Structure formats: structure tokens, C-alpha cells
Amino acid sequence: MGYVLDLRQKVGHQPLVVAGAAVIACNAADEILLVKRTDNQLWGLPAGSTEPGETVQQTAQRECREETGLTVGALELIDVFSGPQMHYVYPNGDVIDSVTTLYRGRIVGGTLKTTTNETSAAQFFARETLPSTLTPLTKWLLRDQ
């Protein structure tokens, strides 16, 4: 179980401030890698919560690998996002205010896996053909990208 899930055992659905990272991972054609989440059936960037002792860069790379099977190389910092736009209520009632560090990186290896315990699909999309069913946080993170 992860750090945030361990906290949820103690605090239930109470709002948590959660540090995490997301990555705009692109292939050689400059298409963006998205995953379809199993909790809400919406598309989002590979992303997740930072574990104790982990840097946010490691979080971005780990989440991409765990959610897609692909390895992202060197990361370029885009920005750190927080505030009202980063408030999210999960379908199960858990509430977070996310502080998310967003990176950009290139895929350098691995084999694309389309399903995991958190995702039902993983796919590359051209910037002009991103799905309309993006998570609210993903819409906010990609608004200027």
C-alpha cells in the first residue's frame, strides 16, 4: 500500500494536501502519452503521489513506468501547480488538494502496457486530437502546453 492510502486508513475521506508529480511524456512524433484511469474512466497524464524519501522527479518517472510500462528520460520542469484548481474529489469520496510538479520528458525505453491496476488504457495522442474526456486536473495542467 502507498503512503496516501496508508493515511486514508487513518483519516478516511478528510481533505489531504498531497505532493505529487505528473509528466507530459512524448514519443518521437511529439505525441502525448495519456492513461485512462479506472476510478473515473477519464484520461490523464501519468501522475501520482510522492512517496516518503522520494523526489518529485523520481515520482514522475516511477508513475510513468508503473502506469504505462514506458521509461521517460531527462525531465524538464514546467511548473508547480496548487490552489483551488487542484482540488479534487475522487469517486470514492476521498478529497485532495494537490501540489503537483509538472515535467516534460521523452520516452526512452520500455514496452507500452495498456492496462494496470490503475489504468484501463494507455495511448499516445497528437496535441490537436486529445480526448475530450480529460480529468479536470489534466485539463488544468495542459491548458498552456
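State yes or no: is L77 in contact with a helix residue (DSSP H, G or I) (Cβ under 9 Å, 6 or more places away or on another chain), loosely packed, with under 15 Cβ neighbours inside 10 Å, among the hydrophobic types (A, V, I, L, M, F, W, C) and touching a residue at least 40 places away in the same chain (Cβ under 8 Å)? Judged against the criteria, L77 is not a match.
Which residue is surrounded by the fewest Cβ atoms within 10 Å (Cβ to Cβ), if the candidates are limited to the stretch 12-24 and must be aliphatic (A, V, I, L, M) and more than 15 Å from V99 (Cβ to Cβ)?
I24
Taking the stretch 25-37 as the search range and keeping residues that are under 12 Å from the mean Cα position of the chain (by Cα) and surrounded by fewer than 23 Cβ atoms within 10 Å (Cβ to Cβ), which one is nearest to N117 (Cα to Cα)? By that ranking, first place goes to R37. May I ask you to verify whether E54 is outside any strand (DSSP E or B), at pLDDT 95 or above and under 17 Å from T119 (Cα atoms)? Spelling it out, it is not the case that E54 is outside any strand (DSSP E or B), at pLDDT 95 or above and under 17 Å from T119 (Cα atoms). With respect to being of a type in the set (G, A, S) and at pLDDT below 95, G12 fits the description.
Quick grid of which residues meet (1) in a strand (DSSP E or B); (2) among the hydrophobic types (A, V, I, L, M, F, W, C):
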| position | (1), (2) |
| --- | --- |
| V18 | yes, yes |
| V23 | yes, yes |
| A28 | no, yes |
| L33 | yes, yes |
| E67 | no, no |
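Inspect the stretch 66-74 for any residue being farther than 25 Å from L5 by Cα, surrounded by fewer than 19 Cβ atoms within 10 Å (Cβ to Cβ) and either modelled with pLDDT of 95 or more or not basic (K, R) (or both) and give the result as yes or no. Yes - at least one qualifying residue is present in the stretch 66-74.
So which residues in the stretch 38-58 are surrounded by 16 or more Cβ atoms within 10 Å (Cβ to Cβ) and either within 24 Å of R127 (Cα to Cα) or among the aliphatic types (A, V, I, L, M) (or both)? Once the filter is applied, which keeps residues that are surrounded by 16 or more Cβ atoms within 10 Å (Cβ to Cβ) and either within 24 Å of R127 (Cα to Cα) or among the aliphatic types (A, V, I, L, M) (or both), the stretch 38-58 yields L42, W43, G44, L45, P46, A47, G48, V56, Q57. Among residues of the stretch 3-29 that are in contact (Cβ under 8 Å) with a residue 60 or more places away in the chain and under 24 Å from W43 (Cα atoms), those with a Cβ under 8 angstrom from a residue that is surrounded by fewer than 10 Cβ atoms within 10 Å (Cβ to Cβ) and not aromatic (F, W, Y), sequence gap 6+ or separate chain, pair up as H13/N92; H13/G93. Applying a threshold of 8 Å to beta carbon distances and a minimum spacing of six or more residues, or different chains, the list of pairs starting in the stretch 105-131 at a residue that is outside any loop (DSSP other than H, G, I, E, B) and ending at one that is surrounded by 14 or more Cβ atoms within 10 Å (Cβ to Cβ) and small (G, A, S) reads G105/A25; G105/A60; R106/A25; I107/A25; G110/G69; A122/G69.
The values are calculated or read from the model by the stated rules, or taken from the named source; none is laboratory data. These numbers come from a predicted model, not from an experiment. Cβ atoms come from the backbone with ideal geometry, glycine included; neighbour counts cover every protein chain shown.
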